[in-house]
1. Report, to the nearest 10°, how far helix 221-240 tilts away from the longest principal axis of the Cα atoms in the chain, using its own Cα long axis and a range of 0 to 90°.
2. Under the definition of Cα pairs under 8 Å and six or more residues apart, what whole-number percent is the relative contact order of segment 21-164?
3. Taking every pair of alpha-carbon atoms in segment 78-128, give the share separated by more than 13 Å as a whole percent.
4. From Cα coordinates alone, what are the radius of gyration and Dmax values for the chain in angstrom?
5. To check you understand DSSP bridge types, tell me what percent of the beta bridges within the chain (both residues inside) are antiparallel, rounded to 5.
6. Just to be sure I understand the model, the point goes 7 Å from the Cα along the line to the Cβ. What's the resulting Ala165 to Asn35 distance in nm?
7. Using alpha-carbon pairs under 8 Å, 6+ residues apart, how would you state the relative contact order of segment 200-354 in percent?
8. Mind ordering 231-241, 65-75 by average Cβ neighbours within 10 Å, highest first?
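The values are calculated or read from the model by the stated rules, or taken from the named source; none is laboratory data. A quick note: this is a predicted structure, and the numbers were derived from the prediction, not measured. Don't worry about glycine lacking a Cβ; one is built from the backbone with ideal geometry, like all the others, and counts go over all protein chains shown. For the accessible areas, the whole protein counts, side chains as well, though only heavy atoms, and no ligand, DNA or RNA atoms are used. Shrake-Rupley method; radii C 1.70, N 1.55, O 1.52, S 1.80 Å.
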Amino acid sequence: MALRQNQLLQHLWKQNWVARARNTTSRIMRPDDANIVGNVHGGTILKMIEEAGCIIGTRHCNTQNGDRCVAALARVERTDFLHPVFIGEVAHVSAEITYTSKHSVEVQVNVLSENIVTGAKKLTNKATLWYVPLSLQNVAKIIEVPLIEYSSPEQEEAGKKRYEAQKLERIETKVRNGEIIISVSLPDRQTKEPYTVAFSQSSLIHLIGPSDCTLHGFVHGGVTMKLMDEVAGIVAARHCKTNIVTASVDAINFHRKIKKGCVITVSGRMTFTSNKSIEIEVFVDADPLVEAEKGKYRAVTAFFTYISLDKENKPLLVPPLKLEGEEEQKRFEEGKARYLQNKAKRLADKERQQ
């Protein structure tokens, strides 16, 4: 009898853990979520993905005794936009915790769009996010993460490899960007030749208010990503002068937190074009007005990729990027290497699925 009760308790505990480790939210897409032709902005989807990750990460990290905490976004792995989402469709965002280290949580998120008139559904996004739990009493204190159960030792080992790889890349990216603000100038466009980097580069300035922030008073990662997508979209539209949509986002690294009251400058510039895609480098620089003595700093960096579409949502050829100077040529070659690497990976993944 005692054995049976113990088995029942273990079964109930496992069911409760599975419920905590998975989460699904749904929302209908409204006109203010989309561009002028009805495609939902990539930034809107990224914000929903991050909100789902934050909910499940925070919920998991507060299942133990001790300091209460909030999961803060540290990194988003490469995210592909497999299909567009349209106004009137329902986006179902499901999140699952797939790995935990001592101080971080890996969350994998899928987005499924549903046409509620026809019932048709399609997978639109798959994303992997990394969070660190910060104490509500002391934002500088990182809380230890409760462990999760793995279905096999191989699953745990695969998660550990992903953790080590993203940790190394975060360090390399931070070193590459350093703490120096590389300004993206905004010259008079009328004096610049179309299809050059200088002609399309753009910036957006935003004051971080309470509605942008977590319980800590620091900006939500999803808010930042949405602003980054807006700027990148403007750059792509200025270059193509057509309807453009987000195709993918390379890993987004959150180097430093952005506090309420900061003024952020989100800047984007083109780095590479293929026949049908555009790569745009985006920076987020923060200026703490109240604590001006701390100076400006580079907070977030990422590469966004866009495609140009006609009125029937079919891909169009992208005007080639006209390069000016060695620095632009260098960035173009680096972008080309990323493009070829991602293309090879997509082909390899497609072959494995066949």
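1. 30 degrees
2. Relative contact order for segment 21-164 comes out at 27 percent.
3. Of all Cα-Cα pairs in segment 78-128, 61 percent lie more than 13 Å apart.
4. Just the Cα atoms of the chain yield Rg and Dmax of 21.4, 85 Å.
5. 100 percent
6. 3.0 nm
7. 24 percent
8. By packing density, highest mean first, the sequence is 231-241, 65-75.
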